[in-house]
């Protein structure tokens, strides 16, 4: 039976590139997002299954993985790609908006990882990948909510990497340090050749992590355009 991949927080850009790459590798793909309409084209293109899911809600995440179970086979790869942010100076931020942003970025990652780990520990293998950001390594001005969420997500990934590695479960955290290119994005031309991260190149790296021999697992890698300062 084909490998099964679940991408949470699916949409355009990186998630779409991941879905296409996984499908091209012969994997069965499940896409999870709150907005199902935006997935219609990607579902037709890749043959993926779409499931409505708010990653911050326990019952939604449980239903998502119940649908994965119903499809049969093992759960091989889970990617958590959802995030939220409330922009602005701290004195102006709406606490409710910050709470929601942190829940989407970090608490949702916990809920998804918990359901994935329950299944992967039973089957004895699997990969869980978290999409991080440079904001999870250093906090930027006017971006406190994003830093809070991404710092928490990185901590979750690091803890789970240590906890689950003895169970033959590979946990990885990918720091995306730079803008991700979109179709018809003028910023790409402004920054010069390869000035933004190519989502297809990022997807290649995710699949490479998934395929890593366990004699040489990486728990964290950073990806950035060659012109990005760091």
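Every number here is computed from the coordinates shown, using simple stated rules; none is lab data. The model shown is predicted, which means the values in this text are computed figures rather than measured ones. Cβ sites come from the backbone with ideal geometry, for glycine too, and all protein chains shown count toward neighbours.
Points worth noting:
- Mean separation of Cα contacts under 8 Å, 6 or more apart, over the residue count of the chain: relative contact order %: 18
- Taking N as the residue count of segment 33-149, its C-alpha radius of gyration divided by 2.2 N^0.38 Å amounts to 1.20.
- The DSSP beta bridges internal to the chain are antiparallel in roughly 0% of cases.
- Least to most buried among 176, 7 (fewest other Cβ within 10 Å first): 176, 7
- Folded to 0 to 90 degrees: helix 108-123 orientation relative to the chain principal axis, Cα: 30
- Radius of gyration over Kirkwood radius for the chain, both on Cα atoms: the Rg/Rh ratio is 0.95.
- Ranking of 140, 80, 206 by count of other Cβ atoms within 10 Å, fewest first: 140, 206, 80
- Cα-based convex hull, segment 1-88, per residue volume (Å³, whole number): 93
- Residue-averaged [θ]222 nm for the chain, counting only DSSP H segments that reach four residues, each worth -39500 (n - 2.57): -13000 deg cm²/dmol
- Helix axis angle, 199-211 relative to the chain longest principal axis, alpha carbon, degrees: 40
- Taking other C-beta atoms within 10 Å as the exposure proxy, 21, 38 rank 38, 21 from fewest upward.
- Evaluating kT/(6 pi eta Rh) at 4 °C and 1.567 mPa s, with the Kirkwood radius of segment 98-146 over Cα pairs in the Stokes-Einstein relation, gives 103 µm² s⁻¹.
- Radius, Kirkwood style, for segment 115-230 when every pair of distinct Cα atoms is counted (Å): 15.5
- Relative intensity of segment 191-230 on a log10 scale, I(q)/I(0) at q = 0.24, 0.35 Å⁻¹, equals -0.85, -1.19, per a Debye sum over C-alpha point scatterers of equal strength in the absence of solvent.
- For residue 143 and residue 125, the difference between the fully extended length at 0.36 nm per residue and the C-alpha to C-alpha distance is 2.8 nm.
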